[in-house]
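Take a look at the structure set out below.
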Amino acid sequence: MNTKRRINFIGSLSAAIVVSALMMISACTPAPPSTRSPTPLADPSGDPVAGVEAFKTYCGQCHELTPGLNRRAPNLKGIYGSKAGFLGDYEYSAQIKQSNLLWNEENLIRYMMAPKQMFPDTKMLVDQLPDDKQAKDIMAFLATHP
Ligand code: HEC
């Protein structure tokens, strides 16, 4: 190998090292969490303040409101008005994922009150809410959550 060829060889070798180092760095950078866009609530009959407590009592042991925090269940930030099974970083059961359903008032209340009736294969197992007042309050809280 003459000197010029050796320099060329070293040059391409170091370029390859730089490229693979960059690839390793980008593989280690976590992907940004999947987020839904917020939608204002159409039906104002729920009480968002009462919804804070109701959410803690009936939903909070499984659901978070922070994007990316999907431990026992998908986070619910921006859920109102969003497509069911939307998050790319949560593994939903098949029926929700394929439903193409929109989480409007009617569908959210139906699901909160009786998830298995809506999607028999759903992973969401909950205690029955006392009545749809709680469901409306929770929905109002979720829709107004910043
Ligand atoms: C015991 C745990 C648990 C509780 C309590 C619970 N959930 Fe869930 N929830 C889940 C799981 C698990 C899923 C994922 C369902 C699936 O993939 O089938 C889910 C899914 C959902 C979804 C669909 C999310 C999406 O991205 O499409 C909504 C809406 C929802 N829950 C609302 C609620 C509300 C509101 C409450 C309180 C009234 C509640 N959940 C209480 C576990 C829970």
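Would you mind telling me which numbered condition in (1) open to solvent by 30 Å² or more (accessible area, probe 1.4 Å); (2) within 11 Å of the ligand (Cβ to nearest atom) H145 fails?
Of the numbered conditions (1) open to solvent by 30 Å² or more (accessible area, probe 1.4 Å); (2) within 11 Å of the ligand (Cβ to nearest atom), the odd one out for H145 is (2).
Would you check if there is a residue in segment 95-113 being more than 11 Å from the ligand (Cβ to nearest atom), touching a helix residue (DSSP H, G or I) at 6+ places or on another chain (Cβ under 7 Å) and open to solvent by 20 Å² or more (accessible area, probe 1.4 Å)?
yes
Given (1) assigned to a loop (DSSP other than H, G, I, E, B); (2) free of Cβ contacts under 8 Å to residues at least 60 places away in the same chain; (3) within 18 Å of P38 (Cβ to Cβ), identify the lone condition not met by Y92.
Exception for Y92: condition (3).
Need the failing condition index for Q117 against (1) in a helix (DSSP H, G or I); (2) modelled with pLDDT under 95, just the number.
It fails just one condition, (2).
Assess whether Y80 counts as being part of a loop (DSSP other than H, G, I, E, B) and near the ligand (Cβ under 7 Å from one of its atoms). Steps first, answer last, please.
Values: part of a loop (DSSP other than H, G, I, E, B): yes; near the ligand (Cβ under 7 Å from one of its atoms): no.
Spelling it out, it is not the case that Y80 is part of a loop (DSSP other than H, G, I, E, B) and near the ligand (Cβ under 7 Å from one of its atoms).
Could you tell me whether P130 is more than 10 Å from the ligand (Cβ to nearest atom), part of a loop (DSSP other than H, G, I, E, B) and loosely packed, with under 14 Cβ neighbours inside 10 Å?
Taking the combined requirement at face value, the residue satisfies it.
I'd like the full set of residues that are acidic (D, E) and under 14 Å from A50 (Cβ atoms), limited to segment 90-146.
D131, D132, D137
Can you spot a residue in segment 74-83 that is surrounded by fewer than 18 Cβ atoms within 10 Å (Cβ to Cβ) and out of contact with any strand residue (DSSP E or B) (no Cβ under 8 Å at 6 or more places or on another chain)?
no
Could you please give the count of residues in segment 43-59 that are near the ligand (Cβ under 8 Å from one of its atoms) and either in a loop (DSSP other than H, G, I, E, B) or within 15 Å of L125 (Cα to Cα) (or both)?
We begin by selecting, within segment 43-59, every residue near the ligand (Cβ under 8 Å from one of its atoms); these are 54-55, 58-59.
Of the ones still in play, those that are also either in a loop (DSSP other than H, G, I, E, B) or within 15 Å of L125 (Cα to Cα) (or both) are 58-59.
The total comes to 2.
So F86 ticks every box in (1) in contact with a Pro (Cβ under 8 Å, 6 or more places away or on another chain); (2) open to solvent by 20 Å² or more (accessible area, probe 1.4 Å); (3) within 7 Å of the ligand (Cβ to nearest atom) but one. Which box is left unticked?
(1)
Which residue pairs have Cβ atoms under 9 Å apart, sit 6 or more places apart or on different chains, and have a first residue in segment 106-122 that is closer than 12 Å to D132 by Cβ and a second that is outside any loop (DSSP other than H, G, I, E, B) and acidic (D, E)?
Within 9 Å, the pairs are I109/D132; M112/D132; M113/D132.
The values are calculated or read from the model by the stated rules, or taken from the named source; none is laboratory data. None of these values were measured; they are calculated from a predicted model. When we count neighbours, we look across all protein chains shown, and the Cβ atoms used for this are built from the backbone with ideal geometry, even at glycine. Ligands, DNA and RNA are stripped out before the accessible areas are found, and what is left, the full protein with its side chains, is counted by its heavy atoms. Shrake-Rupley method; radii C 1.70, N 1.55, O 1.52, S 1.80 Å.
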